[in-house]
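**Q** The structure that follows is given in the form of C-alpha cells.
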Amino acid sequence: MKKKWIAVLLALGMTTGLLAGCGDSATDKTDAGNQTEDGDSAGNTETPKDDAAGSGDNGNADSGEVYHMVMEIVNFGFDDPDIKMVQDKVNERTIPEIGVEVEFLTVPIGEMGTKLGLMISGGEQMDLVCTGLTTYPAKLAAEGSLMPITEYVENSEILSKATEGVIEACKYKGEIYAVPGVTAAGIETAFYYDKELAEQYNIKLPDKLETAEDWDALFSQIKDSGMDAYGISLGDGCKAEATSTGYAFDCLGDKSFFSYGVIMNDDTTDTIVNLYSSDLYMEKCKMHRDWYEKGYCVPDSISNGYTTTDSLKQGMVFGILNNHGSGMNEGNLNRTTGKTLGVIPTSDIIIQSANVTAMSYGISATCENPEKAIKFLELLYSDTDFINLMNFGIEGVHYTTTEGSNVIGYPEGVDPSTCGYGNFLGIPCDNMNIYVREPLTDEFTETVSKFAFGNAKASKYLGYTFDTTNVSTEISAVTAIINKYAPALECGIVDPEEMIPQFTAELEAAGMDKIIEENQKQLNDWLATQN
C-alpha cells in the first residue's frame, strides 16, 4: 500500500495547473487542472448540434438598449492577431439575440491576480471575470470584487443543469460567486510521453504507473536506450510543476502551496495534517532524489528557465506529468509541444474543489447589468456553435470540420503557431458540447463523460471553502518558507532526510499549526451542516 502512495504522490507532484509565482513561464502552467493551455476545453458525448440561442432561458433580451459588456480573457502575455475578428463575429450573434455587445479584455496571466482589484478601484468597467488560475472565487468574494449570483444560477435552467454538483465548489458562505469553466471537472494525473521516441527506441510502457518500481523500470529503459532525452523534467520544483494538487489527499483549496494543510484521502479521517511533515512527502522527495542521482531527470531544471512543457517541446525529455481530463489532454499538449503524445494514467479520476474553480468565471461587483452577463453565460453553456466560436474561432479561418465528427483540424497552411486565435487560457462553457482538436479522436469525446459529476469520484469536501481571514499573516509567512525549501527538495537536489526536519521546524515557527487549527475548526463546522 505504501508503494501505491508513492506513485499517487507523483501525481501530486507535477501537474501543471496555472499558478502564480516562482518566476516560471506561463506556457507550462495550466493546469491547473483543469482548462487547456491554448484555451480549448474538451470532449463531447455527441455530435455538436446547432442549438437555438432563443431556446430555454436564452430569449431575446429585453428588446431594449444593447449592453456593452467587458469580458476578461486571460492569455500568455500576447494578443491573438484575430481576436478582434472573432469578437466581431461573436457580436453578430449576441447583439440581436441577447442585447449584448461584448468586448474582450485580454489580461496576461501574470497580471490577472491584481488586475480586477485595480480596475474596480480605478472605476474601470469589468463584467465577466476569470475567478480561477492564480486566484479563486472565495478569495475574490471575500475582497468584495464579485457579486453573489445564487439567484441567477438557480433560476437558470441552463446554468443549473450544466453545473449540477460541481457548482458547490464555487460557493462562499452559502452564496454562489462563479460558474465552473470546466463542467466535467474530474481529473486524473498522467505521464505524457513522446510516442515517436517510444517507438524508435522500443520503450516498453506500462498501462499505469503505480509504484516506485514502475517508474524506475521506465526511466532505466530510457537512460539505457541511447536516446539523448532525459526521462522527465521536475521543472523549477515549485507549485504547478512539483507541488500541485495531488490525489493522495485533498488540498482544501490551496493547490499552489498546500499551506492550509491537507486531508489524506483514505476515507477514515477528517483530520487536517501538514503535508510537509508527512511520510508521503518524505517518500516523494526520496524518490526524486533517487532519480536525480541516477540521471533520470533534467539536472538543472530548477534554474535553466525552461518549463516542463518547454523541455518536452525541445526534445529534452521523454515525457512530463500533467493533468488529464476533459479540460487538459493530449490534444492540448500536442499542439503546445508539436509532439505526438501518448498518455499513461498515474492516478484515479477525482473531482476536487480546486479543480472545479481552476477556470471558473464570475460577475464583477461593479457590473451594471448582471442579467445580461448571465444571458451571455447561458449561451456559453447551451449553444454548441457559440461555444466553438468562442473557443476555436471562425470555421474555415481558424479550424476545419469533418461531417459526422467532433474532431477539428487546421485549414490548409495554418498550424498552431500561425493560427490567429485561441492562444488563451480557456473560455467557460459546457465542455460536454465542444469540438476537440486533432490528434484527439471521436473515441475521446465518447468517453469524456467519465470525468463528469456522477461518474467520477467526488471529494467528500467538494464545496468546502476555508476562510483565511484570521490567519492571513501566518499563510504569508508559511508560503515564504515553502518557497525557500520545496523547490530543491522536490527536484531531488538536496538530501530530504537532512533538509525536511529543518523545513518543517521553520513551518511550525511561521504558524503552520495555527493555520491548520483554524482550518480544522471551520471544516468541522461545515461537516456538521452536511448531514
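**Q** Residue 202 fails exactly one of the following numbered conditions: (1) on the phi > 0 side of the Ramachandran plot; (2) modelled with pLDDT under 95. What is the number of that condition?
**A** Only one criterion in (1) on the phi > 0 side of the Ramachandran plot; (2) modelled with pLDDT under 95 is unmet by residue 202, namely (2).
**Q** Shifting gears a bit: Could you please find all residues in the stretch 459-504 being of a type in the set (D, E, K, R), surrounded by fewer than 17 Cβ atoms within 10 Å (Cβ to Cβ) and within 13 Å of residue 282 (Cα to Cα)?
**A** Result: 495, 497, 498.
**Q** Sticking with this structure for a sec: Hey, could you check the stretch 346-396 for residues that are farther than 21 Å from residue 74 by Cα and in contact with a Pro (Cβ under 7 Å, 6 or more places away or on another chain) and say which is surrounded by the most Cβ atoms within 10 Å (Cβ to Cβ)?
**A** 384
**Q** Considering the stretch 136-163 alone, what residues qualify as being closer than 22 Å to residue 390 by Cβ, assigned to a loop (DSSP other than H, G, I, E, B) and not aliphatic (A, V, I, L, M)?
**A** Within the stretch 136-163, 156, 163 qualify.
**Q** For the stretch 210-238, give me each residue that is in a loop (DSSP other than H, G, I, E, B), touching a strand residue (DSSP E or B) at 6+ places or on another chain (Cβ under 9 Å) and surrounded by 23 or more Cβ atoms within 10 Å (Cβ to Cβ).
**A** Within the stretch 210-238, 233, 234, 235 meet the criteria.
**Q** When the residues of the stretch 397-421 are filtered to those that are of a type in the set (Val, Ile, Thr) and assigned to a loop (DSSP other than H, G, I, E, B), which remaining residue is farthest from residue 76 (Cα to Cα)?
**A** Only one residue fits best here, namely 402.
**Q** To continue, here is another question. Exactly one condition in (1) modelled with pLDDT of 90 or more; (2) buried (at least 23 other Cβ atoms within 10 Å of the Cβ); (3) not in a loop (DSSP other than H, G, I, E, B) is false for residue 301; which is it?
**A** Every listed condition holds for residue 301 apart from (3).
**Q** Now a separate question. Looking only at residues that are out of contact with any helix residue (DSSP H, G or I) (no Cβ under 6 Å at 6 or more places or on another chain) and among the charged types (D, E, K, R) in the stretch 460-489, which one is modelled with the highest pLDDT?
**A** Only one residue tops the list, namely 484.
**Q** Take the residues in the stretch 241-273 that are part of a loop (DSSP other than H, G, I, E, B) and among the charged types (D, E, K, R); name whichever of them is modelled with the lowest pLDDT.
**A** If we filter the stretch 241-273 for residues that are part of a loop (DSSP other than H, G, I, E, B), which is where we start, we get 242-248, 251-261, 265-272.
From what's left, among the charged types (D, E, K, R): 254-255, 266-267, 270.
Details: 254: 81, 255: 77, 266: 63, 267: 66, 270: 93.
Top of the filtered list is 266.
**Q** Taking the stretch 474-531, which residues are among the small types (Gly, Ala, Ser) and more than 20 Å from residue 236 (Cα to Cα)?
**A** If the condition is that a residue be among the small types (Gly, Ala, Ser) and more than 20 Å from residue 236 (Cα to Cα), then 476, 477, 505, 509, 510, 511, 528 are the ones that fit.
**Q** Of the residues in the stretch 266-279, how many are touching a helix residue (DSSP H, G or I) at 6+ places or on another chain (Cβ under 9 Å) and surrounded by fewer than 21 Cβ atoms within 10 Å (Cβ to Cβ)?
**A** Of all residues in the stretch 266-279, those touching a helix residue (DSSP H, G or I) at 6+ places or on another chain (Cβ under 9 Å) come to 270-277, 279.
Those still in the list that are surrounded by fewer than 21 Cβ atoms within 10 Å (Cβ to Cβ) too: 270-271, 273-274, 277, 279.
Looking only at that region, the number is 6.
**Q** Residue by residue through the stretch 149-188, note down the ones that are over 15 Å from the mean Cα position of the chain (by Cα) and closer than 14 Å to residue 351 by Cα.
**A** Selection gives 163, 164, 165, 167, 168.
The values are calculated or read from the model by the stated rules, or taken from the named source; none is laboratory data. Fair warning: this is a prediction, and the values are worked out from it, not measured in the lab. All Cβ positions, glycine included, derive from the backbone under ideal geometry; neighbour counts span all protein chains shown.
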